[in-house]
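Step one of this worksheet: look at the structure below.
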Amino acid sequence: MAAVGSAVGLGNIWRFPYICGKYGGGAFLLVFLLFVFFIGMMLMMCEFVIGRRSRHATVQAYSTLAPHKRGWRMVGVLGIVTCFFILAQYWVISGWTLSYFFDAITGRLAQMGQDTEAIKDYFSTFSTSAARPVVCLAIFAVLTAVVILAGVQRGIEKVSKLLMPLLVVLLLVMCVRSLTLPGATKGLEYLFYPDFSKLTAEGVLAALGQALFSLSVGMGAMIVYGSYIPADSNLFRSSMWITASDTFIAILSGVAIFPAVFSCGLEPTGGAGLSFCVLPNVFNSMGTLAGIFFASIFFLLLAIAALTSAISILETLSAFLIDSGRLKRSSATVLVVCAEVMLAAVVSLGGGMWSHIHIAGQNFFNFTDRLNSIYLPPLCALGTVLFLGWVVPSNDVYDELSNHGTVKATFYPLFRFIIRYVAPLALIIIFVSTFFS
Ligand code: PFF
């Protein structure tokens, strides 16, 4: 449940539905499903194997499994760096969702009615202002930290078991509302109608990138969760469940959002524009009370999804320090949170007050976004599959996947072929082509 919580995040709700519609609906879905199950899920299994076999956090796991090839721990270090940058950006946007939840519940969003320009202005003034986004991200950071401080079983496990079912219920409520609006079928058509002419090479790359991000693989988070998995759990079955749940929730999000957007005659978009500009307009079209109700549910849903994902990233960073043997859980977490909040504040201000300061031709907000989506995760994912496919002895990998020969692992030859050849090739292609585009 915790791993499902990690996988289900902002990526499912505001990114997947949009790119699915943009790159050919059902046609994109087909390619996405292939990547999710044949590459993403295999990567998840790799991370689980590395974690459970070593019983260590990200960096130490690599040195434990390959004690004489210490260079490989750099893949773990890259994972830690990736987590550090991703969490900063994640907290900024999570802070926005918290602020919007507050605005929704107090009726502030509803006051703007269906004035598209006023809603857009409100968002750009808010997101580029100095104080409020930073305060909101700090509140969100504290929320995440409280869970991590409570520990793996009393914190992460309990919160995930409570919040994930709640998220599904809220999402189902949104789906029912969206599907019963007039003209809802247009939204479903946008999402599912297979239009192969829209499935470009860019769409195929987007599908692979989304598959990795959505399953939280390629930065070591699943190595840490893997190290907590009981010895008798079936890693193939767990990965299958997590992958299927994540995909199901991504599709449900599309069903909850696009029929409503189309029924209002609005244009579909993705990312911040969808959640913070288009959807408030949709909610306001439902009338004041219903608008307040559904907007509050939606932003709560977004905040829950973001929280359970942020928890897994913060745990990865704290576990790295705890595992280094010098710090306790409490001091490790406090240290990481302080450093991370500072970076997140810089990211937030980088999109507003400090947007004139550029790194590699971009402000710091966009620079972090590029690092997080294009450069770091595919590189780290490549290191992970190469490590398990070519460095760790095949017998050890088989032994771990078959729980020391006690469960069947008939899929193993296919798994091995994918992690040795298919996944590295796909990751090199995605990296090189996005780097040069
Ligand atoms: N899977 C999350 C999402 O779809 O939003 C993002 C994510 C969470 C990426 C945790 C990486 C991670 F370690």
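The values are calculated or read from the model by the stated rules, or taken from the named source; none is laboratory data. In this text the structure is predicted, and so the values were computed from the model without any measurement. Heads up, the Cβs are rebuilt from the backbone with ideal geometry, glycines too, and the neighbour counts pull from every protein chain shown. Please note that ligands, DNA and RNA were not included when accessible areas were found on the heavy atoms of the full protein model with its side chains. Shrake-Rupley method; radii C 1.70, N 1.55, O 1.52, S 1.80 Å.
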Next on the checklist: Within the stretch 35-175, what whole-number % of the accessible surface is contributed by carbon and sulfur, with the 1.4 Å probe and all protein chains included in the calculation?
Outcome noted: 68 percent
Checklist entry - If you average the sequence gap of Cα pairs under 8 Å that are 6 or more apart and divide by the length of the chain, what percent do you get for the contact order? => result 34 percent
Item to check | Calculated from backbone phi, Karplus (6.51, -1.76, 1.60) coupling profile of the stretch 426-437 in Hz, x at Gly/Pro | outcome: 4, 5, 5, 4, 4, 5, 5, 5, 6, 5, 8, 8
Item to check | Euclidean distance of C-alpha centroids, the stretch 272-315 and the stretch 379-420, integer Å | outcome: 39 Å
Item to check | Rounded, prolate or oblate (a/c below 1.5 giving rounded, otherwise prolate when a/b exceeds b/c) for the stretch 1-142 by Cα gyration tensor | outcome: oblate
Checklist entry - What is the Cα coordinate range of the stretch 206-254 on the first, second and third principal axes, sorted by size from largest, in whole angstrom? => result 36, 21, 14
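What is the magnitude of the charge dipole of the stretch 141-212 about its Cα centre, with +1 placed on the Cβ of each Lys and Arg, -1 on the Cβ of each Asp and Glu, and no other charges, expressed in debye to the nearest 20?
Numbers: 6 positive and 4 negative charges, 68 e Å.
For the stretch 141-212, the charge dipole is close to 320 debye.
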Next on the checklist: With a 1.4 Å probe and all protein chains left in place, how much accessible area per residue does the chain have, in Å²?
Outcome noted: 40 Å²
Checklist entry - What percent does the relative contact order of the stretch 73-166 come to when contacts are Cα pairs within less than 8 Å and at least six residues apart? => result 30 percent
Checklist outcome for this item: Computed ³J(HN,Hα) along the stretch 50-56: with the Karplus parameters 6.51/-1.76/1.60, θ = phi - 60°, integer Hz and x for glycine or proline, the list is 4, x, 6, 5, 8, 6, 9
Item to check | Assigned charges on the beta-carbon of Lys, Arg, Asp, Glu; the chain dipole about Cα centre (debye) | outcome: 860 debye
Checklist outcome for this item: With the charge dipole of the stretch 1-129 built from beta-carbon charges (+1 for Lys and Arg, -1 for Asp and Glu) about the Cα centre, the Cα from 27, 41, 111 projecting farthest to the positive end belongs to 41
Item to check | Among 192-200, 103-111, the order from most to least packed when residues are scored by Cβ within 10 Å on average | outcome: 103-111, 192-200
Checklist outcome for this item: Relative contact order in percent for the stretch 1-138 (Cα pairs under 8 Å, 6+ apart) equals 14 percent
Item to check | Separation between Cα centres of the stretch 7-46 and the stretch 71-150, rounded to whole Å | outcome: 23 Å
Item to check | Using θ = phi - 60° and Karplus 6.51 cos²θ - 1.76 cosθ + 1.60, couplings along the stretch 65-79 (whole Hz; Gly, Pro as x) | outcome: 7, 9, x, 9, 10, 5, x, 5, 5, 4, 5, x, 4, 4, x
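What FRET efficiency comes out for the pair residue 244/residue 290, r = Cβ-Cβ distance, R0 = 30 Å, nearest 0.05?
0.40
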Item to check | Selection from 59, 80, 368, by position along the positive dipole direction of the chain (Cβ) | outcome: 59
Checklist outcome for this item: Checked the stretch 262-365 against the a/c 1.5 cut and the a/b vs b/c comparison, axes a ≥ b ≥ c from its Cα gyration tensor; verdict oblate
Checklist entry - Based on the Kirkwood radius over alpha-carbon pairs, what is the Stokes-Einstein translational diffusion coefficient of the chain at 4 °C with 1.567 mPa s viscosity, in µm²/s? => result 59 µm²/s
Checklist entry - Between residue 269 and residue 197, 0.36 nm times their residue separation minus their Cα-Cα distance comes to what? => result 24.0 nm
Item to check | Options 250, 392, 187, ranked by Cα towards positive dipole end of the chain, top entry (Cβ charges) | outcome: 392
Checklist entry - Carbon-plus-sulfur fraction of the accessible area of the stretch 304-437, 1.4 Å probe, in percent? => result 69 percent
